[in-house]
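Below is one structure, written out as structure tokens, with a few remarks after it.
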Amino acid sequence: MGVDVLLGLQWGDEGKGKIVDVLAGNYAIVSRFQGGPNAGHTLEFDGIKHVLHQIPSGVFRKNISNVIGNGVVLDPVVFMEEVEELKKYNLDLRENLHISKRAQLILPIHRLLDAAQEAAKGEKKIGSTLRGIGPTYQDKVGRHGIRVGDIVADNFRSKYDELTNRHKISLDYLKFEYDLDAYEDEFFKAIEFLKTFRLSDTENYINDAIRQKKSILAEGAQGSLLDIDFGSYPFVTSSNTMAAGACTGLGVAPSAINEVFGIFKAYCTRVGSGPFPTELLDETGEKLRKEGAEYGATTGRPRRCGWLDLPALKYAITINGVTQLFMMKADVLNSFSEIKVCTHYKFPDGSQSDALTYDSLSQDIEPIYKSFQGWGNLDVDKNTAFHDLPDPLKNYIQYLEGELDTPINIISFGPDRSETMIRN
Ligand code: GDP
Ligand code: IMO
Ligand code: MG
């Protein structure tokens, strides 16, 4: 009953899509509350591999509803493509998918602005996914954005033209060359397509479900270290990726939140620019990338790889009030004889700290590591009991539980739905 939130504790791509799909059967509703097509959530089951960008990861489970909440920025063109790709599975999306009228629309000009702003930043670019996320949230906060509910109004076209023309001035100022016509044809086709779905006051739908004692799973996108307030600013995304974002991004009260599931990889990755204290630029980092197939699900970019960062993880657990941890991709470390965990940051003045603060990520940090013995090839399936795991893996998990003061209740050892150990 009430809302459980599942979110990434690192820099995204922790495996949120996989675990939402695993857990979705326990819920009446799965909902996205922030972000947009910058997300790439991968699901694997029954020989199917599918990447979702805006549609919630509960979509493959029968008898549940999926909600795209008000906190999301929705690209109608990407939405139409996603629905096309899901056609072969015969899902009844027009019945089971509810889209908030309050969600902001990503317009063609937002994608162009994203590209123009990144190009203008040069070396200092954020490494955005170029999906128009930042400019769309800028318009939301600037109070001239266009929302899903606006598409049925008579003045939609004039609103669209007004906002687009306003931004053309910026593109010209940035000397950015563009061809909007091709994008616009597709966009207006996608708008007509979007009109055929359930566009509604999803906050009422969700709160009615809460009153009826139904359970709701809120699916985070990105990760806590990309949060607009608490992430490695300015190398962040433009939304609140943290648990509190589920309240504003769905219209539910803080008192409606029950569990907060925090998901992390047994190591760390990051895609895009910005600080990454435990990044490995050597052959160990390359091995992590290869073993973990660490390439972006949305952009295909190679992900930067490194060891687990405890100060950052503790920080993420704190700001989210995480009640349960889920550790992903344990199998990726199978072939490592030594596994390291960063316990402290050492600063240029020689001081050390086990906490992430405002100042820490802007300095040249040397990570202090603790070493663990590797666990070798895992011979496990979903029926394996925790006590039957190899001792070095149990040792790793128990150490983390102690340091993080939070139980690790799911251990994932492969991309497939079935490769998941749920404890208790
Ligand atoms: P998300 O954005 O958090 O949903 O994660 P992504 O889908 O972007 O990236 C996670 C990647 O790891 C995907 O390719 C998943 O199929 C894969 N994956 C998830 N869990 C595991 C796991 O336990 N082991 C392995 N080897 N791969 C996993
Ligand atoms: P999921 O939900 C990993 C990163 C981008 C860039 C920064 C800002 O799949 O975990 P944006 O396009 O949001 O303006 O980019 O955030 N980023 C992600 N990294 N996983 C994601 O989503 C991401 N969404 C955005 O690479 O560094
Ligand atoms: Mg992803």
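Cross-link list Lys18/Lys62; Lys49/Lys195; Lys18/Lys87: which exceed 22 angstrom alpha carbon to alpha carbon?
Lys49/Lys195
Roughly what % of DSSP beta bridges within the chain run antiparallel, to the nearest 5?
Counting DSSP beta bridges with both partners in the chain, the antiparallel share is about 40 percent.
Averaging sequence separations of C-alpha pairs under 8 Å and six or more residues apart, then dividing by the length of the chain, give the relative contact order as a whole percent.
Values: 919 pairs, mean separation 85.8, N = 424.
Relative contact order of the chain: 20 percent.
Take every DSSP beta bridge whose two residues both sit in segment 1-148, then give the antiparallel share in percent to the nearest 5. All intermediate terms of the calculation are to be shown ahead of the outcome.
Numbers: 6 of 16 bridges.
If we restrict to bridges inside segment 1-148, about 40 percent are antiparallel.
If you count, for each residue, the other Cβ atoms within 10 Å and average over each peptide, how do 53-59, 99-105, 354-360 line up from highest to lowest? Please report the intermediate quantities before stating the final value.
Values: 53-59: 25.6, 99-105: 23.6, 354-360: 13.6.
Packing proxy ranking, top to bottom: 53-59, 99-105, 354-360.
Going by how many other beta carbons lie within 10 Å of each one, how would you line up Arg166, Arg303, fewest first?
Arg166, Arg303
What FRET efficiency, computed as 1/(1 + (r/R0)^6) with R0 = 45 Å and r the Cβ-Cβ distance, is obtained for His387 and Val141, rounded to the nearest 0.05? Spell out each step's value before the answer.
On the way: r = 51 Å, r/R0 = 1.12.
Efficiency, rounded to the nearest 0.05: 0.35.
Past the 29 Å Cα-Cα mark, which pairs from Lys16/Lys159; Lys214/Lys329; Lys16/Lys290; Lys329/Lys370; Lys340/Lys382; Lys121/Lys287? Let's see the in-between values first.
Details: Lys16/Lys159 36 Å; Lys214/Lys329 31 Å; Lys16/Lys290 20 Å; Lys329/Lys370 20 Å; Lys340/Lys382 26 Å; Lys121/Lys287 31 Å.
Over 29 Å Cα-Cα: Lys16/Lys159; Lys214/Lys329; Lys121/Lys287.
Dipole size in debye (nearest 20) for segment 9-129 around its Cα centre, Lys and Arg Cβ +1, Asp and Glu Cβ -1? Could the numbers behind the result be given before it?
Values: 15 positive and 15 negative charges, 57 e Å.
In debye, rounded to 20, segment 9-129 gives about 280.
Can you divide the C-alpha Rg of segment 278-359 by 2.2 N^0.38 Å and report the result to two decimal places?
Numbers: Rg = 14.7 Å, N = 82, 2.2 N^0.38 = 11.7 Å.
Against the empirical 2.2 N^0.38 Å value, I get 1.25 for segment 278-359.
Can you tell me the FRET efficiency between Val152 and Glu286 if r is taken as the Cβ-Cβ distance and R0 is 35 Å, rounded to the nearest 0.05?
On the way: r = 51 Å, r/R0 = 1.46.
Efficiency, rounded to the nearest 0.05: 0.10.
What's the extension gain from Lys121 to Ser353 if we count 0.36 nm per residue and subtract their Cα-Cα distance? Provide the component values of the computation, followed by the final result.
Details: separation 232, 0.36 × 232 = 83.52 nm, distance 3.23 nm.
Full-extension gain reported as 80.3 nm.
So for the chain, what percent of the C-alpha to C-alpha distances run longer than 42 Å? Write out the running numbers ahead of the final one.
Details: 11554 of 89676 pairs.
Above the 42 Å cut-off, the chain has 13 percent of its Cα pairs.
Which FRET efficiency value, to the nearest 0.05, do you get for Glu259 and Phe176 by plugging their Cβ-Cβ distance into 1/(1 + (r/R0)^6) with R0 = 45 Å? Could the numbers behind the result be given before it?
Working: r = 45 Å, r/R0 = 1.00.
Rounded to the nearest 0.05, the efficiency is 0.50.
Going by average Cβ neighbours within 10 Å, how do the peptides 14-24, 274-284 rank, with the highest at the top? Intermediate values should be presented prior to the final figure.
Numbers: 14-24: 24.7, 274-284: 16.6.
So the peptides 14-24, 274-284, ranked by packing, come out 14-24, 274-284.
What's the extension gain from Arg166 to Glu186 if we count 0.36 nm per residue and subtract their Cα-Cα distance? Before the final figure, lay out each step's value.
On the way: separation 20, 0.36 × 20 = 7.20 nm, distance 2.08 nm.
The Arg166-Glu186 span can extend by a further 5.1 nm.
Straight distance only, please: which aspartates and glutamates reach the Cα of Lys189 with their own Cα at less than 20 Å, same-chain residues fewer than 8 apart left out?
In chain and number order, the partners are Asp75, Glu81, Glu82, Glu84, Glu85, Asp150, Asp154, Asp161, Glu162, Asp179, Asp181.
With charges set only on the Cβ (+1 for Lys and Arg, -1 for Asp and Glu), what does the dipole of the chain come to about its Cα centre, in debye to the nearest 20?
Numbers: 47 positive and 59 negative charges, 163 e Å.
Computed charge dipole of the chain: roughly 780 debye.
Coordinate-derived values only; no laboratory data. Not measured: the values here are computed from a predicted model. Because the Cβ atoms are built from the backbone with ideal geometry, glycine has one as well, and the counts that use them run over all protein chains shown.
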